[in-house]
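The values are calculated or read from the model by the stated rules, or taken from the named source; none is laboratory data. On a predicted model such as this, the values are computed, not experimentally measured, just so you know. Quick reminder, even Gly has a Cβ in these numbers, built from the backbone with ideal geometry, and neighbours come from all protein chains shown.
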Amino acid sequence: MATSEPRLLPMSPLHFDPTVLLADPDRRLRILPVLEAALAAVDPGPAVRAALRRTGNRLAIGETVYDLTQYERVLLLGFGKAAVAMGVAAAEVLGDRLAGGALLTKHDHAAGAEALPRSIAVFEAGHPVPDAAGVQAAQRIAELADSATARDLVLCLISGGGSALLTLPGAGLSLADLQAATAALLRCGASIDEINALRKHLEQLKGGQLARLASPATVASLVLSDVVGNPLDVIASGPTVPDRSTWQGAWQIVQRYGLEPTLPAAVIQHLRAGLAGLLPDTPGADDPVFSRCQTVVVADNRRAAQAAAARAQVEGFNAIVLSTYVEGEAREVAKVAAALGREIAAHGHPLAAPACLLLGGETTVTLAGQGRGGRNQELALAAALALARMPEGQRIVIAALATDGSDGPTDSAGGLADAGSVARGQAAGLDAAAHLANNDAYPFLHASGDQLRIGPTQTNVNDLLAIFVFPSSPA
């Protein structure tokens, strides 16, 4: 369907691929600003500046005020997809008191690094499977942390992706061992909590171990949360907070998913040594190292969802945030999302159309095929199939968005779904059900004009699921 040149979206510089307007420009021009508002609300720079404030020698971090005259050095350590954006903001606030540091982010996520002082090293590395560049950067971060004394303040900037990026293998393990373990965990459909629990017991910095390494320095952490419910010991594998996971719990995850035959022998040997008490466990809440640690969550999924709901109301929708605790298989969540839209269309419950339901969280995909995609693209494709079978489907559009701009190992941030998506893909010679079975949502959504592409956002607060229901006649 041809359309006029799309107007620019006003909320942020993060513009979506204009091809998503071709299917239904009138509706989609009302939808995309809602998604942009969510991203603008969790921009790492403003979030850090709101939490980190300096007046002379007084530095406020959240509700705690530090006297900078009591510290010889302020070191900046950051890791995650938002590390550079957070680092630029923190460096502006700290000014001449910043002694040095290191930031580690995903490849192609270092935009703006030129604004950092030369004393801050910037590294880019692989995600979601760790690589040698990540190990090199983690070693540098470990060296800086280990150099800290009781007279130093270490400011850690932690964001989603930090677990894969900040990789330093434990005793007797290689990078190849960790890569194989990560790949196995991603394939089996393990939750992020489970993945990180195992990572903590295979590496040297996760699970409170970075804080232990920096001790006796004062450690303050600013966290951009990408985990449902904001559990601090799960976000980026909790490098600066007490850890609740144990060797026994890590081994139970291996057994739960039948991973023992697929994991490298060195990983199994390492875990068995921990179970036998031959290796120390990660530090827990009773460890005195945490008496000098502070953690502040600066932005999360709920903030993004609430901003989206507010923008939806401006766009003329009745809007509510239904939940920010959504988990489960992407294709199953898609069926629930379609059913929620149908309930509104058929009965005006829990909102009357035009309506927008916002949900946040992070789904998973158990890989059975060899295709390309990610959890949000898979959700969108599964939702498209559900909507195509519903009499009310013509009134519903579902958007599934990865807030970091990268859904799985692709350049797509997610996808849209409406009742015509399946037919548009079919017109291009593609079978929606076959692509879903092969975990191959990327090429289908590209062909149907339903792919969301925005590039790296330098933020990461889980995923956003938006269900839009339009009136039966034009509003």
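Inspection of segment 125-139 finds a residue satisfying the criterion of being touching a residue at least 60 places away in the same chain (Cβ under 8 Å) and either among the basic types (Lys, Arg) or buried (at least 24 other Cβ atoms within 10 Å of the Cβ) (or both). When Arg372, Arg331, Arg303 are screened for being at pLDDT 95 or above, surrounded by fewer than 24 Cβ atoms within 10 Å (Cβ to Cβ) and within 24 Å of Ala419 (Cβ to Cβ), only Arg331 passes. Out of the residues in segment 114-154 that are among the hydrophobic types (A, V, I, L, M, F, W, C), outside any strand (DSSP E or B) and in contact with an Asp or Glu (Cβ under 9 Å, 6 or more places away or on another chain), which is nearest to Leu52 (Cα to Cα)? Once the filter is applied, the top-ranked residue is Ala115.
Considering the conditions (1) touching a residue at least 40 places away in the same chain (Cβ under 8 Å); (2) loosely packed, with under 15 Cβ neighbours inside 10 Å; (3) in a helix (DSSP H, G or I), Gln252 is excluded by exactly one of them, (1). The number of residues in segment 14-29 that are surrounded by fewer than 21 Cβ atoms within 10 Å (Cβ to Cβ), touching a helix residue (DSSP H, G or I) at 6+ places or on another chain (Cβ under 9 Å) and not in a loop (DSSP other than H, G, I, E, B) comes to 2.
Remark: pairs (first residue in segment 218-238, touching a residue at least 60 places away in the same chain (Cβ under 8 Å) and closer than 14 Å to Leu77 by Cα; second residue among the acidic types (Asp, Glu) and surrounded by 24 or more Cβ atoms within 10 Å (Cβ to Cβ); Cβ separation under 9 Å; 6+ apart in sequence or on different chains) = Ala236/Asp226. Selection of segment 414-445 for residues being assigned to a helix (DSSP H, G or I), over 22 Å from Ala339 (Cα atoms) and in contact with a Lys or Arg (Cβ under 9 Å, 6 or more places away or on another chain) yields Tyr442, Pro443.
Taken as a whole, segment 357-367 holds no residue that is touching a residue at least 60 places away in the same chain (Cβ under 8 Å), over 30 Å from Ala184 (Cβ atoms), of a type outside the set (S, T, N, Q) and in contact with an Asp or Glu (Cβ under 8 Å, 6 or more places away or on another chain). Glu343 satisfies every condition listed in (1) touching a residue at least 40 places away in the same chain (Cβ under 8 Å); (2) farther than 26 Å from Val461 by Cβ; (3) out of contact with any helix residue (DSSP H, G or I) (no Cβ under 8 Å at 6 or more places or on another chain) except (1). Scanning segment 263-291 for residues being exposed (fewer than 15 other Cβ atoms within 10 Å of the Cβ) and in a loop (DSSP other than H, G, I, E, B) gives a total of 6.
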